Amino acid sequence: MSAQRLDGKACANEVEAELLGRVAALTKDNLQPHLAVIIVGDDPASHVYVNSKVRTCERLGIRSTHIGLPADTEEATVRGHILALNAQEDVHGILVQSPLPKHMDEEALTDLINPSKDVDGFHPQNLGRLVQGRTDGMLPCTPSGVMRMLRWANIDLEGKRAVVLGRSRIVGMPAALLLAAKGADATVTVVHSRTDDAEAICREADIVVAAVGRANMVTSSWIKPGAIVVDVGINRVDDATRERGWRLAGDVHPEVEERASWLSPVPGGVGPMTIAMLMENTVRAAETMLTADTKA
Ligand code: NDP
């Protein structure tokens, strides 16, 4: 058996096509969605991600503002930018690119973002809504991208056993909540670094979402034949055959393709969906502001 491809690029193209219409409708009402991105330091991967977000904004007619700050910037300066963007009426989405330099408190800075502009969906108010089962707000982009991709493939989750590998605030935990939420209705187990025999637990799953950040950790023996496997991991591995000396690898070993019924590729799987959902959150934030203005 060779797994069908959970094609994040194709699904993201569909999301973008829908967003183009929503942006056009907003523009007719004299409102151009506007995303502000703050990036601190010169981590090359972060700059690649931010450039890709800015390019997607351009494609969709979303305005973007890019605030690049040196690595030795004081936290108070970043705080100042966030507060200014919160107050700026024509800014609908604010994103602080992770990771921040070690001397900064990332969570404290996220907490400062106005929840209605928190397009990353990491603010405690937005994560709290998700815990309450309210999935109509700002959802974290990577987990909501995973859910959209599963819907795109017409995969029915109801009653299925799902295992999420990883319990981070930005991927694992929210992914588990979304899979277990009413409407999705999977039965979810969360596996982390202290779990006993993660492999055996994973082998019982109908759906596996791997978000651990360990290249090729999930091999065939972890996967029940015919399971659906979503690979969130993005890891750099050495590759002497490439001019640049490295390539990207997921958390799932390529051999799993012969055992799973669906598998998302890396790259071209969850990555493009994360950006698509960021765009959707930005457009939704602008729509919400327009509705609020109309009512006022
Ligand atoms: P974190 O490092 O924050 O979390 C990793 C999680 O994996 C932790 O919960 C950790 O457990 C768990 N873990 C680590 N080792 C093991 C192990 N051997 N067995 C079981 N669990 C383990 O990473 P993120 O959640 O931020 O990201 C995960 C991966 O997803 C990374 O590769 C990242 O690059 C990628 N990513 C991809 C995105 C995309 O757009 N495609 C977006 C965001 C992330 P514990 O809590 O016990 O430490």
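Here are the numbers for the structure shown:
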{"quantity": "Kirkwood estimate for the stretch 140-271, i.e. one over the average of 1/r between Cα atoms, Å", "calculated": "14.7"}
{"quantity": "Positive-pole candidate from TRP246, ILE38, VAL232, dipole of the chain, charges at beta carbon", "calculated": "VAL232"}
{"quantity": "10 Å Cβ shell holding at most 16 others, DSSP loop, GluC sites (Glu not before Pro): longest site-free stretch of the chain", "calculated": "1-73"}
{"quantity": "For the chain: accessible area per residue (Å², 1.4 Å)", "calculated": "48"}
{"quantity": "Trypsin sites (Lys or Arg not before Pro) within the stretch 214-264, DSSP loop, no more than 16 other Cβ atoms inside 10 Å", "calculated": "ARG214, ARG242, ARG244"}
{"quantity": "The stretch 91-177: trypsin sites (Lys or Arg not before Pro) falling in loop per DSSP and having at most 12 other Cβ within 10 Å", "calculated": "LYS102, ARG134"}
{"quantity": "Estimated dipole of the stretch 140-271 in Debye, rounded to 20 [Cβ of Lys and Arg +1, of Asp and Glu -1, Cα centre]", "calculated": "440"}
{"quantity": "Estimated distance in nm for a label pair at HIS47 and THR288, the labels positioned 7 Å out from Cα along Cα-to-Cβ", "calculated": "3.3"}
{"quantity": "Cross-link pairs LYS28/LYS295; LYS28/LYS53; LYS160/LYS182; LYS182/LYS295 - those with Cα-Cα distance over 20 Å", "calculated": "LYS28/LYS53; LYS182/LYS295"}
{"quantity": "Compactness of the stretch 29-114, expressed as Rg and Dmax over alpha-carbon positions, Å", "calculated": "13.0, 43"}
{"quantity": "For a label point 7 Å along the Cα-to-beta-carbon line of HIS66, residues of the stretch 8-36 with backbone N under 20 Å", "calculated": "33-36"}
{"quantity": "All-pairs Cα distance distribution in the chain, expressed in whole percent, bin size 10 Å", "calculated": "6, 27, 34, 24, 8, 1, 0"}
{"quantity": "Relative contact order computed over the stretch 140-271 (Cα-Cα under 8 Å; 6+ residues apart), in percent", "calculated": "21"}
{"quantity": "Net length gained if the chain between ASN13 and SER98 were fully extended (0.36 nm per residue, minus Cα distance)", "calculated": "28.1 nm"}
{"quantity": "Cβ charges +1 (Lys, Arg) and -1 (Asp, Glu), total dipole of the chain, debye", "calculated": "400"}
{"quantity": "Extension gain, THR187 back to GLU255 (0.36 nm per residue minus Cα-Cα distance, nm)", "calculated": "21.9 nm"}
{"quantity": "Percent accessible area from carbon and sulfur atoms, the stretch 204-296, protein chains only, probe 1.4 Å", "calculated": "51"}
{"quantity": "DSSP-defined antiparallel bridges as percent of all bridges, the stretch 122-249, nearest 5", "calculated": "25"}
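The values are calculated or read from the model by the stated rules, or taken from the named source; none is laboratory data. Fair warning: this is a prediction, and the values are worked out from it, not measured in the lab. For neighbour counting, all protein chains shown are included, and Cβ atoms are generated from backbone atoms with ideal geometry for every residue, glycine included. The protein model used for the area step is the full one, side chains on, heavy atoms only, and it has no ligands, DNA or RNA in it. Shrake-Rupley method; radii C 1.70, N 1.55, O 1.52, S 1.80 Å.
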